[in-house]
Amino acid sequence: MKRILTGAAVLGFSIFASAKVSAQAMSEMANKTPVQFGVLGGATFPVSDYKSVLKTGWNAGAFVNLGIANWPVGVRIDGQWNQFAVKGLSGVHFRDIHGTADLVANVGNGKAVKFYVLGGVGVYNIKATGSNDGVDYGSSKSATKFGLNGGAGFKFNVGSLSPFVEARYHYVFLNGNDFSNNGSNPKFQMIPVSIGLSF
């Protein structure tokens, strides 16, 4: 009888342990999603020559992360809209629509909070919109140029969701014929500061 009870106890413990390990394995697999999506938005600060021409603007966008989420390096594809009011011209705006491809690297081994850095290249379409004093600025030409970006952020793991906050610096390679009235160095530079959610 004792052997039967002992055998039953061992079998029950084995089943319990196996179920616990399986649950842990499933949880780890759930955290290693190969594809994650996200949305973000916030304030955008023009810098360099454009700081004297544009007011602080706003940004909104979406992205997809490719790779296993818990690996240190992945690939992120972003699409974002940035818009600024032009100083001294009521109703006139300066907008940027861009797509970027970046490498993303987690720094450290934080569980609840992860620090990450990212950087890469992008294609930027820049254009003035709106009208003022009878002048239609929306009819002006747009410029589509390559650019670079880099930044850093903090991601907070909350179940299957990951709120985050990040700042990125963008440098767009305009030339002397593109919005050259913005100073001797017409390179467009901005720093979007965004909060968002990945899932």
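Less than 17 Å from a label point 7 Å out along the Cα-to-Cβ axis of V75: which backbone N atoms in the stretch 106-134 qualify, by residue? Within reach of a label on V75, which here means backbone N under 17 Å from a point 7 Å along Cα→Cβ, the stretch 106-134 contributes 106, 118-123. Spin-label model, I191/T56: points 7 Å from Cα along the beta carbon direction are separated by 1.2 nm.
Compared with the alpha-carbon gap, the fully stretched path from V158 to V47 is longer by 36.6 nm at 0.36 nm per residue. Cα extents for the stretch 33-198 along the principal axes, largest to smallest and rounded to whole angstrom: 55, 26, 23. Pairs of lysines in the stretch 33-198 whose Cα atoms sit within less than 30 Å of one another amount to 23, provided the residues are eight or more positions apart or on different chains.
Rule-based calculations on the coordinates, nothing more; no lab input. Fair warning: this is a prediction, and the values are worked out from it, not measured in the lab. So basically every Cβ, Gly included, is an ideal-geometry build from the backbone, and we count neighbours across all protein chains shown.
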